[in-house]
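Okay, so here's the structure we're looking at.
The values are calculated or read from the model by the stated rules, or taken from the named source; none is laboratory data. Owing to the predicted nature of the structure, the values given are computational and were not obtained by experimental measurement. Neighbour counts are summed over all protein chains in view; Cβ atoms, including those assigned to glycine, are modelled from backbone coordinates with ideal geometry. What goes into the accessible areas is simple: the full protein's heavy atoms, side chains included, and nothing from ligands, DNA or RNA. Shrake-Rupley method; radii C 1.70, N 1.55, O 1.52, S 1.80 Å.
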Amino acid sequence: MAKDTESGTPAGAQLRTLLICDLVESTALVERMGDLAAAELIRKHDRLARTLVDRHAGREIDKTDGFLLMFERPVQAAAFALDYQRALRQFNAAESVNLAARVGIHVGDVVVWENSPEDVARGAKPVEVEGLVKPVASRLMTLALPGQILLSNIAYALAHRAQGELGERLEKVRWRTHGRYRFRGVPGPVPGFEVGEEGLAPLKAPPWSSKAHREVPFWRRPATVVIEALVVLALLSIPLYMFLRPQAAIAFAERDWVVVGSLHNLTGETVFDDSLESALRIGLEQSHFVNVLPDLKVRDTVKRMQLDPDATEVTRTIGSEIAIRAGARALILPTIAEIGGRVRITAEVIDPQTQTTVYSETADGIGKESILPSLDRINQRLRVRLGEAMATVTEQSRPLEKVATANLDALRAFSVAGQNYARGKFAEARELYAQALALDPEFASVHVRIGTIQASAGQHRQAADSFTLALGNRQRLSARDALYAEVMLAGARQSPDMLVKWSALVERYPDYFPGLGGFAYLSWRDANRFDTQTLKVARDSASLKNPSRAPSLHLLGILELGNERYADALAYFADAEAQGLVFTEFHAASEAAQRKHEEASATMARSARLPAGGNPALSLARDVLEAAFLVDQGKLAQAADGLIGQREATAKDADASAMYAIAALAVPATDASAQEQRIETALALRDTLLARRAKLDELERPKHDEQLLILGHVLASLDQPREARKALNALDARAFPPYSSRYKLSVIVEAELESRAGRHEEALHKLEALLDGSELYLGHVALLDAYSAAGKTDKALVQARWLATHRGRAYAEYGPHNLLTVGNVYNANIALLRAAELALLQADKKTAESMLKEFRQAWPEASWQAQLAGRVQKVQSVLSP
């Protein structure tokens, strides 16, 4: 920076960003707390602010109640302001106060100089800044609401362009435009913009004041409005008006969002209260162009506004605030009234930023039977006015009485049932859905909703029946509901094309959260995918607009764990738990994968074990991960005892007992006697499953096929190839989808048998063909064995290192039913010893010593298995003869 340190001569003009922040009602704070207490509080506040200034490369210029700060770039100022507002909320909680700050940011030429030491000694500031930038930033700050960050147009343009530098906070950041303001003493209007975090910032236009007022365009001034009204009246008499009417005033783009407000019912007929809102939603949801904010998300937003969602009407004011917070472009307010013996339905499209009606659509009819046709006409007109092509609207729209029901009482029961389902009241929802079917037995969408409840409860046979009933009356389903029912039916039946159908649903409806979440979850669960596409779909499902985003956040944590990005995984798990998800098992696994076992135990303890009779799959996952944690610490006997104990505790549930037995078999034996017992258990369990399988239908077989596959692997690893083959021969691996973990596991077991028969190249050919990033962790174990048996030491060492360094993947895989997790974690540790042995075969003592050291640190007491201790001693004897 150019300067004259002796004379304090100003340097030339420089382009800089100025930020001015101010504590609201600081004088009242001093009066309320007293001078000393207030001074101490302000000192703490200032230390907090200065820490953030340093973090974002800012420079403090002046200090009063707030700060005058200078930054090189607007994005640095915006990042500071966002962190400052968030930190201020945490500061308030810690100090039990209610400080609020407003911030103004502007960028432009400033003159900067440093005062001489003599002037500073007389009380001058070390640095001076002057220029028009300062008063504009000051006016923006003064205009701002408490907690608000306002930017000028140039500051907004530059900061918004560089918003990617905001990092993790970007997902919650929202940008708003509030129009042009005229400030006293500032020549020319200044466009005002806001940046803030959803749920933290006001995200609404600040009010006018004596020093600042919003500029009204010429065509919206009263005199001009009168003239325009006369012109419009004249145009009404011209037949060509329909061709000349103006376009929508809202800049609505494809896949933008709308909020549907509460119905204003002026008829006194209560049957309209819920049914018409639901019908309006159903009609709009047929569109690929318009997205409707889910009702549960609307309720959640109302709750964040500290209002009671059950007692709060989504009016013009409330709905506009919801739309702004959720990033929706428009609010739609429906009204029904009886006028002159006719039923009139009106839908107003509101600009949330100004709360003004942009346009409205009206349809009249006679009697209740006219209501749904009237709504159909309004829906089509709204979609066209919002920018959708008429041809598309005509093609994709079906009458409401066809895709829903003509019975308003049934529609109301359906709507209230959906509200109960969204609140987790599934029994009440089922009862109301049953009422809707009693009123209209052909109401196909009800079967879809009932099937969804049944599928989520693991009642796959009942769910398949419900989806079959719905699809049997396909003409009464919307296109999206029909496709969703097909997808869910494929899932209930475990169809080979299930994942393909989910992919088609996501491609056709890219903002449909049940589709996004389902596809991402099944890509992980059934296909073992941790790739970029699965992560993207999961992130899309975790959108702030999704009212049920917690499971997708949890899934993102698992996917990041599988990619060994532990910090990201832990952040997602924390977000999911903050949203109310109580399952901490994979959160704990992220810590165990880093060998932070004490932290993992504490995390696991935060979620209580499910009571007896709870979801057996969740109980199994928890118990298997707890056993894996023990194996990871070398406590094999303790891990096996725990799983065997759970097998005995679930003896009355043949399926659960079998899975606990299979999980226990994954724990290697510590002596010859235990090895013989493992073989006997595996053989008995295989015979039981084969006998049971013969009695099962197609819906029940997939789970047992997976268990038989794992038993085949166990028997192959126990050098029982003939017995392993008996398990495989009962299965038709060709029926397994090629993407599925079942198919990959079947290939691995076949390859293990090939290798044990001395056909190493055939085994390697099968295993190497699986390597596409979604291969099972066990596939790399099999490759390590096959390469070693084939004498390909260098490639075997690569696999050993892969296993040792992919501990997150060892824990994160589902496939199938977490029954491979214990074995995965065992192999992640034993790979260190195998790497040491392989390195010695290559005369690489340095690598061998490093691997052995890591192994001993992982399992400091390897004497629990004599064979293992002997291997360690053998490596050590070569290293230190």
Tell me, which helices (runs of 4 or more DSSP H) wholly within the stretch 389-497 include 1 or more residues that are acidic (Asp, Glu)? 390-396, 400-403, 408-422, 426-439, 460-471, 479-492
Would it be correct to say that Ala574 is under 29 Å from Gly327 (Cβ atoms) and modelled with pLDDT of 95 or more? no
From the list Ala810, Ala782, Ala835, which residue is in contact (Cβ under 8 Å) with a residue 40 or more places away in the chain and open to solvent by less than 20 Å² (accessible area, probe 1.4 Å)? Ala810
Among the numbered criteria (1) among the small types (Gly, Ala, Ser); (2) in a helix (DSSP H, G or I); (3) under 22 Å from Glu585 (Cβ atoms), which one does Gly634 miss? (2)
So Glu114 passes all but one of these: (1) crowded, with 16+ Cβ neighbours inside 10 Å; (2) closer than 21 Å to His213 by Cβ. Which condition number does it fail? (2)
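Residue-by-condition table, conditions (1) open to solvent by less than 10 Å² (accessible area, probe 1.4 Å); (2) closer than 26 Å to Val173 by Cα; (3) over 39 Å from the mean Cα position of the chain (by Cα):
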| position | (1), (2), (3) |
| --- | --- |
| Glu25 | no, no, no |
| Ala39 | no, no, yes |
| Ala49 | yes, yes, no |
| Arg59 | no, yes, no |
| Lys63 | no, no, yes |
| Gly66 | yes, yes, no |
| Gln76 | no, yes, no |
| Gln85 | no, yes, no |
| Asn98 | no, yes, no |
Which members of the stretch 278-299 meet the condition of being surrounded by 22 or more Cβ atoms within 10 Å (Cβ to Cβ) and of a type in the set (D, E, K, R)? Lys297
So the check is Cβ under 6 Å with 6+ separation or different chains; which pairs have a first residue in the stretch 289-308 that's over 21 Å from Val416 (Cβ atoms) and at pLDDT below 90 and a second one that's assigned to a loop (DSSP other than H, G, I, E, B) and among the charged types (D, E, K, R)? Phe289/Glu254; Phe289/Glu388
Looking at the stretch 359-379, which of the residues that are of a type outside the set (Ser, Thr, Tyr) and open to solvent by 40 Å² or more (accessible area, probe 1.4 Å) is nearest to Asp256 (Cα to Cα)? Arg377
Within the stretch 740-761, residues surrounded by 20 or more Cβ atoms within 10 Å (Cβ to Cβ) and in a loop (DSSP other than H, G, I, E, B) come out as Ser740
Filter the stretch 144-189 down to residues that are assigned to a helix (DSSP H, G or I), open to solvent by less than 50 Å² (accessible area, probe 1.4 Å) and in contact with a His (Cβ under 9 Å, 6 or more places away or on another chain), then give me how many there are. 1
Give the stretch 310-340 a look and list any residue that's in a loop (DSSP other than H, G, I, E, B), surrounded by fewer than 17 Cβ atoms within 10 Å (Cβ to Cβ) and not polar (S, T, N, Q), or say none. Asp310, Ala311, Glu313, Gly340
With the structure loaded, tell me whether Pro547 is assigned to a loop (DSSP other than H, G, I, E, B) and of a type outside the set (Gly, Ala, Ser) or whether it fails that test. yes
Is it fair to say Pro510 is within 27 Å of Ile450 (Cβ to Cβ), part of a loop (DSSP other than H, G, I, E, B) and of a type outside the set (D, E, K, R)? yes
What's the number of the only condition in (1) part of a helix (DSSP H, G or I); (2) at pLDDT below 95 that His554 fails to meet? (2)
If you go through the stretch 215-234 one residue at a time, do you hit one that is among the polar types (S, T, N, Q), modelled with pLDDT under 80 and open to solvent by 30 Å² or more (accessible area, probe 1.4 Å)? no
Given the conditions (1) modelled with pLDDT of 90 or more; (2) touching a His at 6+ places or on another chain (Cβ under 6 Å), report the number of the one that Ala492 does not fulfil. (1)
So, first residue among the polar types (S, T, N, Q) in the stretch 104-118, second residue assigned to a loop (DSSP other than H, G, I, E, B), Cβ within less than 6 Å, six or more apart or across chains; the pairs are Asn115/Gly8; Asn115/Ala124; Ser116/Glu6; Ser116/Gly8
Given the conditions (1) surrounded by 20 or more Cβ atoms within 10 Å (Cβ to Cβ); (2) out of contact with any Lys or Arg (no Cβ under 7 Å at 6 or more places or on another chain), every one holds for Ile350 apart from (2)
Tyr777 being in contact (Cβ under 8 Å) with a residue 40 or more places away in the chain, within 30 Å of Ala569 (Cα to Cα), touching a Lys or Arg at 6+ places or on another chain (Cβ under 7 Å) and surrounded by fewer than 21 Cβ atoms within 10 Å (Cβ to Cβ): no
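Of the residues Thr468, Thr452, only one is more than 29 Å from the chain's Cα centre (by Cα), of a type in the set (S, T, N, Q) and open to solvent by 10 Å² or more (accessible area, probe 1.4 Å); which?
Values: Thr452 fails: more than 29 Å from the chain's Cα centre (by Cα).
Of the residues listed, the single one that is more than 29 Å from the chain's Cα centre (by Cα), of a type in the set (S, T, N, Q) and open to solvent by 10 Å² or more (accessible area, probe 1.4 Å) is Thr468.
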Condition broken by Arg686, with the remaining ones in (1) within 19 Å of Leu819 (Cα to Cα); (2) in a helix (DSSP H, G or I); (3) open to solvent by 20 Å² or more (accessible area, probe 1.4 Å) satisfied: (3)
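Going through Arg255, Arg325, Arg316 one at a time, which residue ends up being among the basic types (Lys, Arg) and in contact with a Ser or Thr (Cβ under 6 Å, 6 or more places away or on another chain)?
Just one listed residue meets the conditions, Arg325.
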Please go through (1) under 30 Å from Lys695 (Cβ atoms); (2) assigned to a loop (DSSP other than H, G, I, E, B); (3) among the β-branched types (Val, Ile, Thr) for Val624 and return the number of the only condition it doesn't satisfy. (2)
